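A short worksheet on the structure shown next.
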Amino acid sequence: MTRFVTIAAAQMGPIARSESRGGVVKRLIDLMRRAKGMGADVVVYPEATLTAFFPHWFTEDEAEVDAWFEREMPGPHTMALFDEARRLGLGFHLGYCELDYASGRKRRFNTSILVNSNGEIIGKYRKIHLPGHSDHRPGTPFQNLEKRYFEVGDLGFGAWRAWGGVAGMMICNDRRWPESYRVLGLQGVEMIFCGYNTPVHHPAAPDHDRLGQFHNELSMQSGAYQNSAWVIGVAKAGVEEGVDMLAGSCIVAPTGEIVARCTGNGDELVVARCDLDLGQSYRETTFNFALHRRPEHYGMIVARTGSVAP
Ligand code: CDV
């Protein structure tokens, strides 16, 4: 029996610093309704979807930082999104910034969730690879203070049965690390949802700028192919508070091919009917992990040459 799931990548245009959560949720609901009209079963929103990407700005004011975070999910503003998903019978993936008090102290995470078509949260992931720096660097055109505002995620890379297959999540910078995909691939994940906020300009290495879209696609296409999974990469795009953000949201098949791609810099949807069994042929041949993968031998070369990385 062939298994199909229709997935919508819901790219977001810039979100102004002054834009309210309610205003953003309205945009998300509009995209959700349009996705439903295009036959989607699940709609995938970007990283930190509910606000402007505040790690670009430095502040020492704790209250100001906390204001970018959600204390509950769903909360007063996001409840409408959950209600609409339930009404339409549509699942979704949402990236947001999470304030967590469960351990008895305040912790901040860059988080994403999977929500089923009954409006129930069925999976949660907290970003592991946090890029940027924690110190104030006022000389740069913008900063990336993720290491200051977030803790490293403590939930690992999970896998959940959803939409007739197995789903996993990663967030933005995670997509550049092969380990992220492989840990999901080893759990049999068939669809990987990944939101991103990626500036076009790389202040620490401007010579990388011209390759931004190439590296974005290279990472997701190789991750998809080498792990026999669909990868749905969804951007926050356009010029947001003076920072030009990489667009190019796309849906990558387990073949490594991009089957759908956004072409603009604003709120935009692309939809693909994804055959979850397409990965099977790769999982049973080239990437049959049980037959061909040999992790027990991977340490030998390092041991022989003695070139151990720090
Ligand atoms: N939000 C991110 O993780 N962005 C990084 C940028 C800062 C390089 C990325 O890997 O796209």
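Selection of first residues in the range 49-60 that are over 16 Å from Lys26 (Cβ atoms) and of second residues that are open to solvent by 20 Å² or more (accessible area, probe 1.4 Å) and within 12 Å of the ligand (Cβ to nearest atom), restricted to Cβ pairs under 6 Å at least 6 apart or on distinct chains, gives the following pairs, ordered by first then second residue: Pro55/Asn144; His56/Phe142.
Residues in the range 12-46 that are within 15 Å of the ligand (Cβ to nearest atom), in a loop (DSSP other than H, G, I, E, B) and farther than 22 Å from Glu120 by Cβ: Pro14, Ile15. Is the range 151-168 home to any residue that is crowded, with 20+ Cβ neighbours inside 10 Å and charged (D, E, K, R)? Scanning the range 151-168 turns up no residue that is crowded, with 20+ Cβ neighbours inside 10 Å and charged (D, E, K, R). Consider the range 45-74 and keep the residues that are small (Gly, Ala, Ser) and under 24 Å from Ala8 (Cα atoms). The one that is nearest to the chain's Cα centre (by Cα) is Ala48. Within the range 259-270, take every residue that is open to solvent by less than 40 Å² (accessible area, probe 1.4 Å) and in contact with a strand residue (DSSP E or B) (Cβ under 7 Å, 6 or more places away or on another chain) and give me the one that is nearest to Gly238 (Cα to Cα). Taking the candidates together, the pick is Gly266.
The values are calculated or read from the model by the stated rules, or taken from the named source; none is laboratory data. Just so you know, these numbers come straight off a predicted model, no measurement behind them. Reconstructed Cβ throughout: ideal geometry from the backbone, glycine too, with neighbour counts over all protein chains shown. Only protein heavy atoms, including side chains, enter the accessible area calculation; ligands, DNA and RNA are left aside. Shrake-Rupley method; radii C 1.70, N 1.55, O 1.52, S 1.80 Å.
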